[in-house]
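Following: one structure in structure tokens, then a few remarks.
The values are calculated or read from the model by the stated rules, or taken from the named source; none is laboratory data. All of these numbers come straight from a predicted model, not from anything done at the bench. Cβ placement follows ideal geometry from the backbone for every residue including glycine, while neighbour counts extend to all protein chains displayed. Ligands, DNA and RNA are stripped out before the accessible areas are found, and what is left, the full protein with its side chains, is counted by its heavy atoms. Shrake-Rupley method; radii C 1.70, N 1.55, O 1.52, S 1.80 Å.
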Amino acid sequence: MREAFLALVRLGIGNAATVALPDCIDWNEVEALAKRQGLFAVVFDGLEQLPQTSRPPLTTWLRWIGEVQLEEERYNHQWNEACKMAQLFHQNQICTYVLKGVVVSECYPKPQHRVSADFDCFLVNENQNENEKDVWEKGNQLIEEAGCEVEKVFYKNSTFRLPGLTVENHR
């Protein structure tokens, strides 16, 4: 199933014109692997390139369509929450730099099909006279004032949860 998964990912990102899939595919196993890797919707994109005879059974196909739509909604929700956060920071003279997480999705043909578990950012003060530690703390304070709990137990970042989005604010 690993080879079928990889072939579908290649097809889903436009990196293969055709793929050879095994005759007997355990679609539940492919689904589980794709979800573990955060590539379920990308695998679905690959499947859409195949003739219907090479796709999962109709009931599985229809369920997968619904799950892909849910992933798209989740992506859009996370994107909107990240934009609200960045706007809050910007209004307080803080630039938000995205380090990883959701930004990885921009490397895919359909960014909303690449699931992200969190949003990692680094904050920089628009006023270059203030040091970075102060802006990190200022960002945390703004989030707390907005009603979110900020965890500062890890040495390299704080963590907070916006509705539907976990954010790591790196020092």
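Numerical summary
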quantity	calculated
Structure-derived Rg/Rh (Cα atoms, Kirkwood Rh): which label, when the choices are (i) 1.08; (ii) 1.18; (iii) 1.11	(iii)
Exposed-loop-free span, longest in the chain, where GluC sites (Glu not before Pro) count as exposed if DSSP calls them loop and at most 16 other C-beta atoms lie within 10 Å	1-125
Convex hull of Cα atoms in the stretch 58-152, direction-averaged projection (nm²)	7.6
Share antiparallel - DSSP beta bridges, the chain, percent rounded to 5	80
Accessible surface of the stretch 1-147 [probe 1.4 Å, protein heavy atoms]: carbon and sulfur percent	50
